[in-house]
Amino acid sequence: MKLCIIGLGYVGLPLAVEFGKKYETIGFDINTTRIEELRLGIDRTLEVSSEELQEAKNLSFTTSINGIKDANIYIVTVPTPIDRHKNPDLTPLIMASRTVGRVLKKGDIVIYESTVFPGCTEEVCVPELERESGLKFNKDFFCGYSPERINPGDKQHRLPNIKKVTSGSTPEIAKKVDELYKSIITAGTHLAPSIKVAEAAKVIENAQRDINIAFVNELALIFDRLDIDTLDVLEAAGTKWNFLPFRPGLVGGHCIGVDPYYLAYKAKEIGYHPQIILAGRRTNDEMGLFVANKVVKLLIHKGHRVKGSKALILGITFKENCPDIRNSRVIDVINELKEFGIKVDVYDPWADEEEVKREYGIDLLQTDPDFSKYDSIILAVAHDEFKGLDYSAIPNTAVVFDIKGVLPKEFVDKRL
């Protein structure tokens, strides 16, 4: 058995490392810089340590399609983003399928882990594999689907101790796929009855979280008008044993802020217009604008001239203690403040300076900020480093908005 992992990001690399401890495994990525760094034992996503890379004795890396032609199990872990119209962008998935199709042989198995809508593997990916290879699905080659459950930045819930959903295109292949993952997943596996079921299970995991966060975000909008602190309300309600502990906030990243659109797309394709899923998305997508407009109102209330004032944003990654800036909704706050003529500085010790500049056109501050220079300060991401800053240096005239609800209340004008 020789495995090839296609795509070495937050999902693919941990998978390649675990398989590389037991089986001959090839990690394939089109990013040459990424491959060069991994060969040196460097993972810029910080999901895998240098020591763990060294432990994967059977793992090698390549950017060459010739380097993967001898594999007999291919696992695709490429991103599945949305386009500017919020429709699924399957380009990475299609290109990866074409790459695999060019080296596919009789008896090979192709497993997909990328989050997709139900039916995508068999309706979109399989035709690409057949076209490129000239082989017949479920006769010459087979497929499986095992949705990723990686939580970037989480050092407790990691690949081996997260239960894995598995599936296959035939009952025999399903068992093979399940046994393969059982060999590296200590938490065990759940064999779904079909690929579609496994695809659907993944996409609703994040849609469920999105809707729950949208509910508490809507509560925050209501309680703001009632002049009630939302977190005080949630702490009181949370004393009941079955109250779900969701908190308001900006919903970004490559999962929760994206996956519901995949499910909505498929629902509309079959003639059903989803109400709750899209309503939740609208609420969450508007929270950045609410934060920025509230900061402006607080500036006016404190006697500041809005145009030309200086704002400091703490954090631009999509979540705490993680360098991932993909689909960060902090940018919504930044852009709206700039629309009011406010000068915005951003400080984030976790984010990569060049990546932020390339993605958002923002130059990050390189040293701890001087709070005395700013008229407004917005804590957008709850990095551990921010909890140790000296907030007593903030002038009394400055507006402090704590989106994450982690700062001492005496320093804060408004919490989300």
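The values are calculated or read from the model by the stated rules, or taken from the named source; none is laboratory data. Because the structure is a prediction, the values reported are computed rather than measured. So basically every Cβ, Gly included, is an ideal-geometry build from the backbone, and we count neighbours across all protein chains shown. To get the accessible areas, we keep the full protein, side chains included, count just its heavy atoms, and leave off ligands, DNA and RNA. Shrake-Rupley method; radii C 1.70, N 1.55, O 1.52, S 1.80 Å.
Among residues of segment 1-23 that are on the phi < 0 side of the Ramachandran plot, those with a Cβ under 6 angstrom from a residue that is part of a strand (DSSP E or B) and open to solvent by 20 Å² or more (accessible area, probe 1.4 Å), sequence gap 6+ or separate chain, pair up as Lys2/Glu24; Ala16/Leu59; Gly20/Leu59. Can you name the residue in segment 372-388 that is in contact (Cβ under 8 Å) with a residue 40 or more places away in the chain and out of contact with any Ser or Thr (no Cβ under 9 Å at 6 or more places or on another chain) and, of all such residues, is most open to solvent (accessible area, probe 1.4 Å)? Only one residue fits best here, namely Lys373. Within segment 389-416, the residues that satisfy the criterion of being under 24 Å from Cys322 (Cβ atoms), open to solvent by less than 50 Å² (accessible area, probe 1.4 Å) and not aliphatic (A, V, I, L, M) are Tyr391, Phe401, Asp402, Gly405, Arg415. What tally of residues in segment 65-87 results from selecting those that are in contact (Cβ under 8 Å) with a residue 12 or more places away in the chain and closer than 25 Å to Gly20 by Cα? Residues flagged as in contact (Cβ under 8 Å) with a residue 12 or more places away in the chain and closer than 25 Å to Gly20 by Cα within segment 65-87 amount to 15. For segment 18-25, the criterion of a residue being at pLDDT 95 or above, within 20 Å of the chain's Cα centre (by Cα), over 14 Å from Tyr74 (Cα atoms) and surrounded by 15 or more Cβ atoms within 10 Å (Cβ to Cβ) is satisfied by no position.
All conditions in (1) in contact with a Phe, Trp or Tyr (Cβ under 6 Å, 6 or more places away or on another chain); (2) assigned to a strand (DSSP E or B); (3) not aliphatic (A, V, I, L, M) hold for Ser60, with the sole exception of (1). Inside segment 91-148, residues that are open to solvent by 30 Å² or more (accessible area, probe 1.4 Å) and acidic (Asp, Glu) make up a count of 4.
Based on what the data block shows, is Ile211 under 19 Å from the mean Cα position of the chain (by Cα) and open to solvent by 40 Å² or more (accessible area, probe 1.4 Å)? Yes: the conditions hold for Ile211.
Only residues that are of a type in the set (A, V, I, L, M), over 23 Å from Thr397 (Cα atoms) and touching a residue at least 60 places away in the same chain (Cβ under 8 Å) were counted in segment 271-315, giving 4. Any chance you could count how many residues in segment 258-270 are outside any loop (DSSP other than H, G, I, E, B), in contact (Cβ under 8 Å) with a residue 60 or more places away in the chain and of a type in the set (A, V, I, L, M)? Qualifying residue count, segment 258-270: 1.
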